[in-house]
1. Just need a number here: residues in segment 89-111 that are farther than 30 Å from Thr74 by Cβ and surrounded by 14 or more Cβ atoms within 10 Å (Cβ to Cβ).
2. Any idea which of (1) closer than 30 Å to Ser143 by Cα; (2) surrounded by fewer than 14 Cβ atoms within 10 Å (Cβ to Cβ) is the one Gly61 doesn't satisfy?
3. When segment 132-148 is examined, which residues are found to be hydrophobic (A, V, I, L, M, F, W, C), in a loop (DSSP other than H, G, I, E, B) and more than 16 Å from Ser85 (Cβ to Cβ)?
4. Quick one: Glu129 ticks every box in (1) surrounded by fewer than 14 Cβ atoms within 10 Å (Cβ to Cβ); (2) assigned to a helix (DSSP H, G or I) except a single one, so which number is it?
Amino acid sequence: QNVYWLEDPIDYRDVQGYSQLVNATDIAITHGEYNYGFEPFGPIADHRAADIFMIDAHHVGGIDAWKRAADIATSAFRPFVTHLSPEIAVHLAAGINGVKTVEFMPWSFNLWEKPMDINAEGELIVPQEPGLGVTLNEDLVKSNQMDV
């Protein structure tokens with residue numbers, strides 16, 4: 001078995017189903033990618049409906065809500081991972097314990113004038129520039145504009 005985790009395998013609203021799945025398999029189950037707001041993470045914690053929480057900063061409502069969801073995971077003694085938006089997530093991960101990994105898609109690096117740096121171990125380097133440390137690639141935006 002070479003599966004590290006199974007990501008959101010059933011309907012995200014089925015907390016009981018997740019709880020049953022977590023108890024029925026040795027494969028780590030992530031849950032949370034599709035949750036809107038931080039509030040759904042409470043029942044996930046209460047019902048032990050995830051081995052690993054997956055928190056999307058956009059879906060939960062921004063940085064403060066992401067931190068609240070992360071606090072819920074931490075209080076449930078569960079690790080958590082970020083979902084997409086590495087330009088935001090790398091900063092969040094650097095500032096809190098419990099983050100298992102920062103999800104990133106290499107194709108998204110074209111969105112920025114300077115791609116995010118990755119070290120030899122495959123870890124994202126936290127940008128040191130102001131703000132999120134990335135600048136939108138305006139040429140890419142212009143080349144993908146269309147009239148509507």
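1. 1
2. Condition (2) is where Gly61 drops out.
3. If the condition is that a residue be hydrophobic (A, V, I, L, M, F, W, C), in a loop (DSSP other than H, G, I, E, B) and more than 16 Å from Ser85 (Cβ to Cβ), then Met146, Val148 are the ones that fit.
4. Every listed condition holds for Glu129 apart from (2).
Let's see how each residue does on (1) modelled with pLDDT of 90 or more; (2) farther than 18 Å from Tyr4 by Cβ:
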site	(1), (2)
Met54	yes, no
His59	yes, yes
His91	yes, yes
Ala94	yes, yes
Met116	no, yes
Ala120	yes, yes
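Conditions (1) free of Cβ contacts under 8 Å to residues at least 40 places away in the same chain; (2) within 15 Å of Ala73 (Cα to Cα), marked per residue:
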position	(1), (2)
Trp5	no, no
Gln16	yes, no
Leu21	yes, no
Ile29	yes, yes
Glu33	no, yes
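The values are calculated or read from the model by the stated rules, or taken from the named source; none is laboratory data. The structure presented is a predicted model; accordingly, all values stated were derived computationally and were not measured. Glycine also receives a Cβ, built like all others from the backbone with ideal geometry; neighbour counts cover every protein chain displayed.
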